[in-house]
Amino acid sequence: MCVSTEPEDRTWTVDTKPPIRDINDVELSDFQPKPIFKFIVAFGVGAFFFLLPVSWDGEITVPFDIAVDTINETFPDAVGVYVLCIIVAGGVLTTLAELDRRDIFTLKWDVSYFESSTAFWALRVIGVLLAPVMFFKIGPEWLHTGSTGGYIWGTLLYSVGVIIPIGAIFITVFVELGGLEFIGTLSRPFMRPLFKVPGRAALDSLASWVGSYSVGLYVTRNVFESGGYNKKDVFIISTCFSTVSVGFVGVVASTLDLLSLFPLIFVSYFICVIICAMIMVRLPPISNASPEYITDPDPEVGFEGSVVDYFKFALSEAVSKAKEGESFREATTRGFVDGLKLASLILGTILTIGLAAVLLSAYTPTFDILGTPLIPIIDLLGIPNPEVVAPTTIVGITEMYVPVVLAQGAAPMAKFFVAVLAPSQLIFFSSVGPMIMDMFDDVPIRFRDLVALFVMRTIVLVPLIAAMTHVVNALGLL
């Protein structure tokens, strides 16, 4: 049963759990040829682009990563113009939405999608002012180095700006034509007991692992707006599973000359993310998050049965969705447009906060000072070069890749430790942090929550990864 709160709040809660049913209690799809074909094609296309491992430039990646990299490397100037334009569009539309909301003047078209808090309105406007500076490289050279503004503008924003609309195309087709129901149903037996989220959250996680955290967050936002997640679900998924992709973990391993150990690094990273998620969901601030929905709730149907029963039910749910869903053309067009709209919302925020974060890291001793008390702890854990490793445990909150750069000259054990720790900390403010706060300001996920979670994850990860590092070293692999 659903209970609505005050009408002006526009939030709902579910005060009873759906009854548990088995395969004999559910009405299975009649499996007509056309919806089956639509589901198979959509699932096949999605699996090809996001899951098929291929070798590219000496690294194992997926076709989606190759497509994004090819666009950025082949048309860098065009991508730069696109990023500049979309940041300006986002700032202008947010300003118009804010003025309309305050009744300063009334617009003839609906711009409510771009409404935001005053803080994020300001961040997007600052992004509009910074975008021409970064695009035309105006100002001092230190602002545009490869580790500061050059990285944020030419690498991070270009990648996120291209990833979101392209990823949104394939993800929308996949979700609209049954992929979410299929993966979500098969994942129910472990997602709820382990992580306290619906089975459908497995798709968000998978999208992050094989595509990008920005694609995963796009999925989360869409399901949230359709009533599939409540605020607590969103809090858990965005802060525990918005991981960097398999391909980027390969970049980390390559940078530290540990590419031969990539499978081991990735498995260690995967284990760390799972363990952290199991712990974090049971502690504040996540455990205190509201279970409210922002629209009519669409909770998953309670179901239990054998592996075969789950597969039958999953296939039935997928085919039913494909039968009701949009055509390929409609889903593709909507996905691309939604991706552009989302990119216009978040790129200005990422530019503003991300640039401030990397400048703070590069030109102030802040993180060296914060890391100094950790040197004895790293030393006690038996990790070499503690004076190098200690700051990396803190500086990762600015940008995940910075600790990797700092550890390039360290001993092999220290490199392995950092290679696993940096992506496992998950929350960094050059990109994923502002994306989460901006995209889910109606949850809300606040700055202090993300900082607290970063610290909590680090406390769990440091001894865990230290133990993993010693095991790998004892096996003679370092």
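The values are calculated or read from the model by the stated rules, or taken from the named source; none is laboratory data. None of the values given here were measured: they were computed from a predicted structure. Note: ideal-geometry Cβ built from the backbone for every residue, glycine included; neighbour counts use all protein chains shown. Heavy atoms of the whole protein, side chains included, go into the accessibility calculation; ligands, DNA and RNA do not. Shrake-Rupley method; radii C 1.70, N 1.55, O 1.52, S 1.80 Å.
Accessible-area rank, largest first, for H144, H470: H470, H144, with all protein chains present and a 1.4 angstrom probe. Taking all protein chains together and rolling a 1.4 Å probe, Y82 ends up with roughly 60 Å² accessible.
Along segment 212-219 the Karplus relation, 6.51 cos²θ - 1.76 cosθ + 1.60 evaluated at θ = phi - 60°, assigns HN-Hα couplings of 5, 4, 5, 5, x, 5, 4, 4 Hz to successive residues, with x for each Gly and Pro. Shape class for segment 26-109, computed from the alpha carbon gyration tensor (a ≥ b ≥ c): oblate, with a/c not under 1.5 and a/b at or below b/c. Rounded to the nearest 500, the helix-only mean residue ellipticity at 222 nm of the chain stands at -21000 deg cm²/dmol, with each DSSP H run of n ≥ 4 adding -39,500 (n - 2.57).
Solvent-accessible area assigned to carbon and sulfur over segment 129-202 amounts to 70 percent, based on a 1.4 Å probe. A dipole drawn for segment 40-151 from +1 and -1 charges on Cβ atoms has a positive end, and of F105, P132, V81 the residue lying farthest that way is F105.
Taken about its Cα centre, the chain carries a charge dipole of about 420 debye when Lys and Arg each add +1 at the Cβ and Asp and Glu each add -1 at the Cβ. Extension gain for L259 to A411 (0.36 nm times residue separation, less C-alpha to C-alpha distance): 53.2 nm.
The alpha carbon gyration tensor of segment 44-168 gives principal lengths a ≥ b ≥ c with a/c of 1.5 or higher and a/b no greater than b/c, which makes the shape oblate. Model label points for F328 and D22, set 7 angstrom from Cα along the Cα-to-Cβ axis, are 4.0 nm apart. Projecting the Cα positions of L96, Q32, I183 onto the charge dipole of the chain (unit charges on Cβ atoms of Lys, Arg, Asp and Glu, taken about the Cα centre) puts I183 furthest along the positive direction. Measuring with a 1.4 angstrom probe and ignoring ligands and nucleic acids, V79 comes out at about 10 Å² accessible.
Rounded to the nearest 20, the Cβ-based charge dipole of segment 392-478 about its Cα centre (Lys and Arg +1, Asp and Glu -1) stands at 340 debye. When Kirkwood radius over Cα pairs in Å is calculated for this entry, the matching label among (i) 21.7; (ii) 22.7; (iii) 23.3 is (iii).
Among S268, V244, A201, flag the residue with its Cα farthest along the positive direction of the charge dipole of segment 155-270, charges on Cβ as +1 for Lys/Arg and -1 for Asp/Glu. It is A201, whose Cα lies furthest towards the positive end. Of the residues S290, S212, the one with the largest accessible area comes first in the ranking S290, S212, computed with a 1.4 Å probe on protein heavy atoms. Ranked from largest to smallest solvent-accessible area, with a 1.4 Å probe on the protein heavy atoms, V267, V197 come out as V267, V197.
The Cα atoms of segment 303-434 give a gyration tensor whose axes a ≥ b ≥ c have a/c of 1.5 or more with a/b no greater than b/c, which makes the shape oblate. Over segment 59-118, accessible surface divided per residue gives 54 Å², non-protein components excluded, 1.4 Å probe. Note that segment 355-397 presents 46 Å² accessible area per residue, ligands and nucleic acids not counted, probe 1.4 Å. Bridgeable aspartates and glutamates around K38 (alpha carbons under 17 Å apart, same-chain partners fewer than 8 residues away excluded): D30, E176, E181, E317, E324, E326, E330.
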